[in-house]
Amino acid sequence: MLIKNINEFELKGGVFVWSHMLQEGNPIVDKLVGFGLSIDVRCLIFDFVPSFLSNVVLADVSSTVFPHGF
């Protein structure tokens with residue numbers, strides 16, 4: 001629903017800007033944001049864990065803590 005509302009807002013001439021505030025403890029989101037900023041695609045849905053996230057997801061499900069920038 002949120003994405004639909006954003007799309008409708010933009011179709012009516014509105015400008016929506018995505019931003020992400022880096023926070024410790026959320027490395028999966030940080031990696032996804034970095035990836036998202038490097039591509040020119042409006043929406044991308046993964047059917048599997050992409051290779052650039054595999055180590056971070058493995059660490060997350062293992063409850064392993066890694067320093068920022070891992």
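Quick one: would you say F52 is over 18 Å from I3 (Cβ atoms) and surrounded by fewer than 10 Cβ atoms within 10 Å (Cβ to Cβ)? Taking the combined requirement at face value, the residue does not satisfy it. For region 55-64, a residue qualifies if it is in a helix (DSSP H, G or I) and open to solvent by 70 Å² or more (accessible area, probe 1.4 Å), and the qualifying residues are N55, L58, D60, V61. Candidates in region 35-49 are the residues that are surrounded by 12 or more Cβ atoms within 10 Å (Cβ to Cβ) and closer than 20 Å to I3 by Cα; of these, the one that is modelled with the highest pLDDT is F35.
The values are calculated or read from the model by the stated rules, or taken from the named source; none is laboratory data. Keep in mind it's a predicted model, so treat the numbers as computed, not measured. Positions of Cβ are generated from backbone atoms using ideal geometry, with glycine treated the same way; all protein chains shown enter the neighbour counts. Just the protein is used for accessible areas: all its heavy atoms, side chains included, with ligands, DNA and RNA removed. Shrake-Rupley method; radii C 1.70, N 1.55, O 1.52, S 1.80 Å.
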